[in-house]
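Before any comments, here is the structure.
The values are calculated or read from the model by the stated rules, or taken from the named source; none is laboratory data. Treat the numbers as computed from the prediction; the structure is a model and nothing was measured. Don't worry about glycine lacking a Cβ; one is built from the backbone with ideal geometry, like all the others, and counts go over all protein chains shown. Areas reflect the complete protein model, heavy atoms only, side chains present, ligands, DNA and RNA absent. Shrake-Rupley method; radii C 1.70, N 1.55, O 1.52, S 1.80 Å.
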Amino acid sequence: MDFSFSEADEKFRMMVRDFFENEYPREIVEKMARGHSPAKEDYQHSERALAAKGWLAVNWPKADGGTGWTANQKYIFDEELERAGALNVVPMGLLYVGPVIYTFGTEEQKKRWLPGILDSTVFWAQGYSEPGSGSDLASLQCAAARDGDEYVVNGTKIWTSLAQHADWIFCLLRTDNSGRKQEGITFLCIDMTSPGITVQPIITIDGKHSLNSVTFENVRVPVENRIGEEGKGWTYANYLLGHERTSYAHVAGKRKQLADIRATAEAADAGGARLIDDAAFRAKLASLEARLDALELTVLRVLATVAEGGAPGHEASILKVIATELAQDITELGMEAHGPYAMPAFPDSVAPGWAGNTPLPADAAPAVARYLGARAQSIYGGSNEIQKNILAKRVLGLP
Ligand SMILES: Cc1cc2nc3c(=O)[nH]c(=O)nc-3n(C[C@H](O)[C@H](O)[C@H](O)COP(=O)(O)OP(=O)(O)OC[C@H]3O[C@@H](n4cnc5c(N)ncnc54)[C@H](O)[C@@H]3O)c2cc1C
């Protein structure tokens, strides 16, 4: 396998780097570097800057408004975006429902929903999980009952990221309970302004508000908002989850975090001591750097497989597990590097008493937010335990 990038790829990298250094909004990079949560306007500002360049729908085919880039170019673009400290796109529209719509939607649905994703005017949320259905998603019970040309939706979705900003939500809903639990699930797109929808905030361990519960009470949804066939939603959901899991590597972002940790550890404190001189700390840092190299090679292996005409397959589960475990361990070392400054405060906390009034070095604040936020990575997108079950069964062939 050839892991090296061609001369044309390297030229492409320089063009992308130049954009992020000279054209991308600086205020967003600075806000992210201080550890703040992006506001809806920040996402839109960032995405519109990418859209103006034609670089927003990186993974979409050209015919549907995407870049048509090769796998290598997409990877290089992601690397440069993270290297620059720019904001990742909101995945719900661009990475999740967009590909479902252009793959399984009608021409009318494409015309109706894709432009708003492509110019970042319409926000989407993902309504899959329910209070009793997470890992065992197929057991979901939020129901859509057919009534003439409409479905009537009743039930609750939970852990719905950014639903407070969403104009639309795509949902998996139970339309039939009679067969296997994977059957009788239907994929509906629902206008968040429909009467009967209530969004309740859920504040996470990092004191931030990105999660919500969304309750549907007799919400009427036109049948034309259904993607594909009634009862076949599970097929479309699986297609989408494959897309979701391959998007977790974030190699360049991790490289940047490790470089920041190294720089902090190499700086002397008031008494002249340096954390990097502690052999145990150095060993942990070196181990994480080696694991990141291994992650990068795994990503490049997947890219090479795709470039040679193959499909990534179960590497999506491998990547999800190793990338998210590494993210958690890097943020833990980040906390260690910031030592006594690490815990008391961080930006954007809405939890009472954690309001960020304690003076602390600028780079300590993002360390805490990242550490706490990264705990969720092994849960969302299919928990790591479930990914390990998949690997055990489908890759190792264990019973
Ligand atoms: C930050 C964040 C954002 C999210 N955003 C969204 C979103 O936008 N939309 C959405 O629909 N959902 C979202 N989710 C929900 C997420 O998909 C679920 O949390 C996840 O699927 C796990 O489900 P659960 O929380 O119900 O845990 P459970 O399924 O109850 O699992 C609890 C624990 O048991 C383990 N477990 C369960 N079954 C097995 C098994 N068979 N073998 C071994 N271990 C098992 C799990 O690994 C986990 O550790 C989000 C979650 C988080 C944390």
Point to revise | Three-way shape call for region 124-231 based on the alpha-carbon gyration tensor, with the a/c threshold at 1.5 | key: oblate
Check your understanding: Just going by the charge dipole of region 121-205, with Lys and Arg at +1 and Asp and Glu at -1 on Cβ, which of Gln164, Ile185, Ser135 is farthest out on the positive end?
Key -> Ser135
Check your understanding: For the chain, what class follows from the C-alpha gyration tensor (a ≥ b ≥ c being the square roots of its eigenvalues): rounded when a/c is under 1.5, otherwise prolate if a/b is larger than b/c, else oblate?
Key -> prolate
**Study point:** Accessible surface, per residue, of the chain when the full set of protein chains is kept, probe 1.4 Å, Å²
**Key:** 47
Practice item. Could you size up the charge dipole of the chain around its Cα centre, putting +1 on the beta carbon of Lys and Arg and -1 on that of Asp and Glu, and report it in debye to the nearest 20? Key: 500
Revision key, fill the gap. Region 263-291 and region 83-154 have their Cα centres apart by a whole-number Å value of 44
Exercise for review: Report in % the part of the accessible area of region 124-231 that belongs to carbon and sulfur, leaving out ligands and nucleic acids; probe 1.4 Å.
Suggested key: 46
Check your understanding: When the accessible area of region 7-89 is computed with all protein chains present and a 1.4 Å probe, what percentage of it is carbon and sulfur?
Key -> 48
Review point. How big is the Rg/Rh ratio for region 7-89, C-alpha atoms only, Rh by Kirkwood, two decimals?
Key: 0.97
Review point. With each pseudo-label sitting 7 Å past Cα toward Cβ, what's the Arg146-Ala63 distance in nm, one decimal?
Key: 3.0
Review point. Simple spin-label model, 7 Å along Cα-to-Cβ: Lys40 to Ser139 in nm?
Key: 3.5
